[in-house]
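See below for the structure under consideration.
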Amino acid sequence: SGRTVASPVLASELRQLKDPPARFIYLATTNPVTQYPDSAALSRTLREVGFSVVADAFMTDTARAADLVLPVKLMLEEADAVGSYQHQHVAMGDAVVEAPEGPRSDVAIVRALRQRLDLPPDPVLEDPAGTLAQMTRPWFRDGDQGPRRNPLQPSVPWRDRFQTPDGRAQLVATWPEVPQVDAEFPLLLQTPPSRRWQTSQLTAREQTEPPDCLLHPSAAVAGVADGELARLLSPIGEMTVRVRFDVQVWRGGCVVHRGGALHLGRCVNRLVQAR
């Protein structure tokens, strides 16, 4: 029911909010400073615009930029229905360990915040266990709590029609144009996900060395050898990387996996312009 901001340009849009300006920012279940473009600008914005609160169990780049950090329970510390972005099954997950004293669930924090703001009770939030049972009862009627296929997910996507005007798949007829290359910045940066971690969920112990930057040997600056440290620059920032030659990389590009922490010097989004 409120205003919306676009995540690719979150820093600038938060600063541009007027009537009223952004006075309170609450972030939960996300780490935008690491995961959104122009990480350094977003980190500064969260420090300078309004009163920012982050609910998280880890001191992420976003938490480091907040005025207040609220510790939350972890997945194994509370019962919940568990789905996935990677498969089409759902299951009930029980709490297997007790949370330490202090952390609360995201739902409990939002419920308490509503009370402090004198908002009317939300029946969905007042009884989380009852709400969860009601929402998932059709999925687990026989008492077996899974895993089972999500009944709301069709077995064959777009079996009846595609979400296009004529209902048919629209295939690419022509290749898109390759972005124009700046003479000062001749390489096109690609930031694919890593097979070793999800989004930015990797430990500090895995970030003690600069990230690898994969290059085709023909794209290397003269005098830079495989395995050497180098500076990777963009129009908005720079970072230290370790050069790795790979003949499978496109000759005009370089590859750095996304997800590293800004405060550890491994956040590739510090190089990516927000637009």
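The values are calculated or read from the model by the stated rules, or taken from the named source; none is laboratory data. All of these numbers come straight from a predicted model, not from anything done at the bench. Using ideal geometry, Cβ is built from the backbone for each residue, glycine included, and neighbour counts are taken over all protein chains shown. What goes into the accessible areas is simple: the full protein's heavy atoms, side chains included, and nothing from ligands, DNA or RNA. Shrake-Rupley method; radii C 1.70, N 1.55, O 1.52, S 1.80 Å.
Go through the residues of segment 194-213 one by one and say whether even a single one is open to solvent by less than 80 Å² (accessible area, probe 1.4 Å) and assigned to a strand (DSSP E or B). Checked against the condition, which is being open to solvent by less than 80 Å² (accessible area, probe 1.4 Å) and assigned to a strand (DSSP E or B), segment 194-213 yields at least one hit.
Considering every residue within segment 68-84, establish whether at least one is open to solvent by less than 30 Å² (accessible area, probe 1.4 Å), in a helix (DSSP H, G or I) and closer than 29 Å to Val268 by Cα. Within segment 68-84, none of the residues are open to solvent by less than 30 Å² (accessible area, probe 1.4 Å), in a helix (DSSP H, G or I) and closer than 29 Å to Val268 by Cα. In segment 48-58 there is at least one residue that is loosely packed, with under 14 Cβ neighbours inside 10 Å and in contact with an Asp or Glu (Cβ under 9 Å, 6 or more places away or on another chain).
The lone criterion from (1) within 23 Å of Ala108 (Cα to Cα); (2) not in a helix (DSSP H, G or I) left unmet by Ala63 is number (2). Checked against (1) in contact (Cβ under 8 Å) with a residue 24 or more places away in the chain; (2) closer than 21 Å to Ser200 by Cβ; (3) out of contact with any Lys or Arg (no Cβ under 7 Å at 6 or more places or on another chain), Leu132 passes all but condition (2). Candidates are the residues of segment 142-171 that are more than 14 Å from Val90 (Cβ to Cβ) and at pLDDT below 85; the one that is surrounded by the most Cβ atoms within 10 Å (Cβ to Cβ) is Pro154. Can you tell me which residue is nearest to Ala11 (Cα to Cα) among those in segment 238-254 that are open to solvent by 20 Å² or more (accessible area, probe 1.4 Å) and not in a loop (DSSP other than H, G, I, E, B)? Among those that are open to solvent by 20 Å² or more (accessible area, probe 1.4 Å) and not in a loop (DSSP other than H, G, I, E, B), it is Glu238.
Among all residues of segment 211-222, there is none that is charged (D, E, K, R) and free of Cβ contacts under 8 Å to residues at least 12 places away in the same chain. When the test is whether a residue is part of a loop (DSSP other than H, G, I, E, B), at pLDDT 90 or above and either open to solvent by less than 80 Å² (accessible area, probe 1.4 Å) or in contact with a Pro (Cβ under 6 Å, 6 or more places away or on another chain) (or both), Arg258 does not pass it. Filtering segment 13-28 to residues that are farther than 23 Å from Val69 by Cα and not in a loop (DSSP other than H, G, I, E, B) leaves only Gln16.
Within segment 29-43, is there a residue that is more than 17 Å from Cys267 (Cα to Cα) and either in contact (Cβ under 8 Å) with a residue 24 or more places away in the chain or not in a helix (DSSP H, G or I) (or both)? Yes: one or more hits. So is Val156 without any contact (Cβ under 8 Å) to a residue 40 or more places away in the chain, among the aliphatic types (A, V, I, L, M) and closer than 30 Å to Asp61 by Cβ or not? No: the conditions fail for Val156. Applying a threshold of 7 Å to beta carbon distances and a minimum spacing of six or more residues, or different chains, the list of pairs starting in segment 98-118 at a residue that is closer than 13 Å to Asp56 by Cα and ending at one that is open to solvent by 60 Å² or more (accessible area, probe 1.4 Å) and part of a loop (DSSP other than H, G, I, E, B) reads Gly102/Pro71; Pro103/Pro71; Pro103/Lys73; Arg104/Lys73; Ser105/Lys73; Asp106/Thr29.
Scanning segment 80-122 for residues that are touching a Lys or Arg at 6+ places or on another chain (Cβ under 7 Å) and charged (D, E, K, R) yields Arg104, Asp122.
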